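Single-structure report; data block below.
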Amino acid sequence: MTTFDLTRRRVLLGAAAALTMPAMAEAVTLPEIRKRGYMTVATEDDYQPFEFTKDGKPTGYDQELLEMLKKKAGLDVHQDIIPWTGILPGVTTGKYDAAVTAILVTQERMKTLDFCSPVAESVDYYLKRKGDKKIQGIKDLSGLPLGVEAGSAMLKLLPQLEDMLKPTGGQLGKIVSYQGYPEAYQDLALGRIDYVVNTLLSLESIAKTKPDTFEVGEAVSKPTYIAWAVVKGNTELLSLLNEFLLGTRKDGTMYALQKKWFDVTFEQMPEAPSANV
């Protein structure tokens with residue numbers, strides 16, 4: 001198997017995290033949250049179409065679900081909008097009660113987090129520069145530098161792409177990881193990398209926003225699920241969130257939001273999260 005050639009920045013980030021990551025905190029229970037009077041959640045600062053800021057205000061699929069939750073949960077919600085790399089550590093260390101963001105469910109993450117009922121289905125695709133003739137299909141990705149977000153599940157799914165390349169003698173090229181996907185897209189546009197791997201839902205949003213710059217390629221992974229999360233063991237809060245989410249599926253509001261933001265609905269999603277990686 002090819003050894004992933006990660007950037008020095010990711011290596012330094014990983015080393016720093018290993019040295020400074022506090023132990024997993026004990027979950028703040030739902031009665032304690034109600035006594036406190038509010039729930040703390042973290043959302044990502046720029047991950048279209050799930051969460052992003054427009055005209056100085058947070059918006060997106062998850063944001064609209066969160067606004068509905070605020071009205072139905074019977075308690076105030078304090079929201080921090082932060083970069084992806086701080087969200088999961090913030091939940092596991094007790095800084096936040098929940099991560100209301102597009103988290104790919106993985107077996108590794110299920111060791112420290114309890115995932116809610118899925119809010120979307122996901123398949124990873126690649127994004128390339130518009131009109132880049134050297135990439136006509138999967139086999140042409142062999143050896144080319146690619147971009148992903150640091151700490152994302154997309155890194156875990158890259159071996160699936162490597163398996164797709166092997167039958168034609170191909171292999172993954174240099175993997176460059178970024179603090180956020182906007183930086184990866186910028187480097188792709190500038191020619192510093194040749195493609196970016198992300199969920200189809202996000203890539204279609206970017207390609208639609210900048211049709212003269214980017215185009216979406218083919219699938220490079222099997223389907224996975226996207227869900228919100230709480231620290232492992234916080235069963236009462238998990239039940240509250242699941243009751244809300246499953247309620248939006250039952251009355252159709254979740255599917256209406258999926259159609260609005262993704263132009264597709266995921267009505268066959270399981271009620272419980274599952275990990276394919």
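The values are calculated or read from the model by the stated rules, or taken from the named source; none is laboratory data. Note that the coordinates shown come from a computational prediction; the quantities given were computed from them, not determined experimentally. Methodologically, a virtual Cβ is constructed for each residue, glycine included, from the backbone with ideal geometry; neighbour enumeration extends over all protein chains shown. Note: accessible area is taken over every heavy atom of the protein model, side chains too, but ligands, DNA and RNA are not part of it. Shrake-Rupley method; radii C 1.70, N 1.55, O 1.52, S 1.80 Å.
What to note about this one:
- In the set E218, E204, only one residue is in a helix (DSSP H, G or I) and either β-branched (V, I, T) or farther than 25 Å from A98 by Cα (or both); that residue is E204.
- Among the candidates V231, V216, V220, V197, the residue that is among the aliphatic types (A, V, I, L, M), in contact (Cβ under 8 Å) with a residue 24 or more places away in the chain and more than 17 Å from K128 (Cβ to Cβ) is uniquely V231.
- Residue under evaluation P211, criteria (1) over 22 Å from Y96 (Cβ atoms); (2) in contact with a helix residue (DSSP H, G or I) (Cβ under 9 Å, 6 or more places away or on another chain); (3) open to solvent by 20 Å² or more (accessible area, probe 1.4 Å); (4) not basic (K, R), criterion not met: (2)
- Any pair with Cβ under 9 angstrom, 6 or more apart, that starts in region 148-172 at a residue that is without any contact (Cβ under 8 Å) to a residue 40 or more places away in the chain and ends at one that is open to solvent by less than 10 Å² (accessible area, probe 1.4 Å) and part of a helix (DSSP H, G or I): L165/L141; G170/L141; G170/E162
- Of the residues F4, F52, the single one that is closer than 23 Å to Y181 by Cα and either at pLDDT below 90 or over 17 Å from the mean Cα position of the chain (by Cα) (or both) is F4.
- Any hit, region 77-85, residues being without any contact (Cβ under 8 Å) to a residue 24 or more places away in the chain, closer than 25 Å to S177 by Cβ and out of contact with any helix residue (DSSP H, G or I) (no Cβ under 7 Å at 6 or more places or on another chain): no
- Residues within region 34-48 that are more than 19 Å from L203 (Cα to Cα) and of a type in the set (F, W, Y), tallied: 1
Results for (1) buried (at least 24 other Cβ atoms within 10 Å of the Cβ); (2) assigned to a helix (DSSP H, G or I); (3) in contact with a strand residue (DSSP E or B) (Cβ under 6 Å, 6 or more places away or on another chain), shown as yes or no for each residue.
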{"position": "Q79", "(1), (2), (3)": "no, no, yes"}
{"position": "T85", "(1), (2), (3)": "no, yes, no"}
{"position": "L127", "(1), (2), (3)": "yes, no, yes"}
{"position": "K139", "(1), (2), (3)": "no, yes, no"}
{"position": "K156", "(1), (2), (3)": "no, yes, no"}
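- Of all residues in region 29-58 being touching a residue at least 24 places away in the same chain (Cβ under 8 Å) and of a type in the set (D, E), the one that is surrounded by the fewest Cβ atoms within 10 Å (Cβ to Cβ): D46
- Residue that is nearest to G247 (Cα to Cα), among those in region 141-151 that are of a type outside the set (A, V, I, L, M) and surrounded by 22 or more Cβ atoms within 10 Å (Cβ to Cβ): E149
- In region 49-77, the residue that is nearest to E204 (Cα to Cα) out of those that are among the hydrophobic types (A, V, I, L, M, F, W, C) and outside any loop (DSSP other than H, G, I, E, B) is F52.
- Those residues of region 225-236 which are outside any loop (DSSP other than H, G, I, E, B) and either among the aromatic types (F, W, Y) or surrounded by fewer than 23 Cβ atoms within 10 Å (Cβ to Cβ) (or both), in sequence order: Y225, W228, T235, E236
- Within region 73-126, the residues that satisfy the criterion of being more than 27 Å from S221 (Cα to Cα) and of a type outside the set (A, V, I, L, M, F, W, C) are G74, D76, H78, Q79, D80, G90, T92, T93, G94, K95, Y96, D97.
- One residue alone among V77, V119 is at pLDDT 90 or above, within 14 Å of the chain's Cα centre (by Cα) and among the β-branched types (V, I, T), and that residue is V119.
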